[in-house]
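The values are calculated or read from the model by the stated rules, or taken from the named source; none is laboratory data. Just so you know, these numbers come straight off a predicted model, no measurement behind them. Virtual Cβ from ideal backbone geometry, glycine too; neighbours counted across all protein chains shown. Note: areas computed on protein heavy atoms with side chains; ligands, DNA, RNA excluded. Shrake-Rupley method; radii C 1.70, N 1.55, O 1.52, S 1.80 Å.
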Amino acid sequence: MTTPAYTSDTGRRGGRLLRILGVGFGIAVGVGATIGGGILRTPGEVAGYMGTAGLTSAIWLVGGVYTLLCSGAVSELATMLPRAGGWYVYSERAFGKRVGFVVGCCDW
């Protein structure tokens, strides 16, 4: 049985909201709002720099294709090296432990 987020009776909770969301959720909301604000603001700036709708669409299309190709390359790396660590694992394999350490520190 689940507990409702708001209890109307004056029993255990006294008619107050339950505290079920923690600090991690608050941080996630803050980061999401920051990223979301940037995503909503960026298209107008890009359109202002490009000048025409066709050129703006072409730039966004090129960016989308680039992102698709990069995500395909990263998924191939993740399939070939199925270890936790992300960019650290890939750069350590390609360039050695020292470069892997630097990349891991910069990525963190």
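Check whether at least one residue in the stretch 39-50 is at positive phi and modelled with pLDDT of 80 or more, and report yes or no.
As a first pass, look at the stretch 39-50 and keep what is at positive phi: none.
No, the stretch 39-50 contains no residue that is at positive phi and modelled with pLDDT of 80 or more.
Run A28 past the list (1) surrounded by fewer than 10 Cβ atoms within 10 Å (Cβ to Cβ); (2) within 19 Å of the chain's Cα centre (by Cα); (3) at pLDDT 85 or above and report the number of the one that doesn't hold.
Exception for A28: condition (1).
Sort through A78, A53 and tell me the only one that's at pLDDT 85 or above, among the aliphatic types (A, V, I, L, M) and within 18 Å of the chain's Cα centre (by Cα).
Answer to the selection: A78.
Any residue in the stretch 67-79 that is touching a residue at least 12 places away in the same chain (Cβ under 8 Å) sitting within a Cβ distance under 8 Å of a residue that is in a helix (DSSP H, G or I) and open to solvent by less than 60 Å² (accessible area, probe 1.4 Å)? List the pairs, counting only those 6 or more apart or interchain.
Partner pairs satisfying both residue conditions: L77/Y90.
Name the residue, out of R93, R83, that is touching a helix residue (DSSP H, G or I) at 6+ places or on another chain (Cβ under 9 Å), open to solvent by 70 Å² or more (accessible area, probe 1.4 Å) and part of a helix (DSSP H, G or I).
Values: R83 fails: part of a helix (DSSP H, G or I).
Result: R93 is the single residue among R93, R83 that is touching a helix residue (DSSP H, G or I) at 6+ places or on another chain (Cβ under 9 Å), open to solvent by 70 Å² or more (accessible area, probe 1.4 Å) and part of a helix (DSSP H, G or I).
Would a scan of the stretch 10-20 turn up a residue that is at negative phi, at pLDDT 80 or above and not small (G, A, S)? Step through it out loud before you land on a result.
Taking the stretch 10-20 first, the residues at negative phi are 10-13, 16-20.
From the residues that got through so far, the ones that are at pLDDT 80 or above too are 20.
If we keep only those that are not small (G, A, S) too, we end up with 20.
Taking every residue of the stretch 10-20 in turn, at least one turns out to be at negative phi, at pLDDT 80 or above and not small (G, A, S).
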